[in-house]
Amino acid sequence: MNFGLTDMQLDEIIKIISQFDEIESALFFGSRAMNNHKEASDVDIALKGHRVSIDISNKVHSLLEETNLPFFFDVLNYNTLNNEELKYQIDRQGIQFYTNHN
């Protein structure tokens with residue numbers, strides 16, 4: 001599954017996320033995970049890891065927005081989500097695309 005991204009675009013996203021050892025895994029959720037996205041759909045990403053802070057989530061978001069990728073990004077820290085319905089949606093529909101092997 002390519003999530004509506006080219007291999008090069010996915011590699012660029014992974015390259016940014018992999019800069020942070022605190023991130024244990026990352027998942028796509030929303031329309032791109034469900035494969036009903038449109039060309040201009042944003043890219044929803046949930047970051048998992050016990051040491052992922054709001055600061056790290058914000059840095060990942062900023063770095064992604066600074067790229068030349070033609071998308072808007074929504075980056076969430078899964079571990080600090082208070083919205084149980086959103087967590088449930090991510091658990092059911094989220095697709096892991098990155099795992100930290102350190």
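Coordinate-derived values only; no laboratory data. What you see is a predicted model; the values in this text were computed from it and never measured. Neighbour counts are summed over all protein chains in view; Cβ atoms, including those assigned to glycine, are modelled from backbone coordinates with ideal geometry.
Among the GluC sites (Glu not before Pro) in segment 41-102, those placed in a DSSP loop whose Cβ has at most 13 other Cβ atoms within 10 Å are Glu66. Only helices enter this figure: runs of n ≥ 4 DSSP H residues, each worth -39500 (n - 2.57), summed and divided by the residues of the chain, yield -10500 deg cm²/dmol at 222 nm to the nearest 500.
In the chain, which trypsin sites (Lys or Arg not before Pro) are in a loop and have at most 14 other Cβ atoms within 10 Å, using DSSP for the loop call? Loop-located and lightly packed - Lys38, Arg51.
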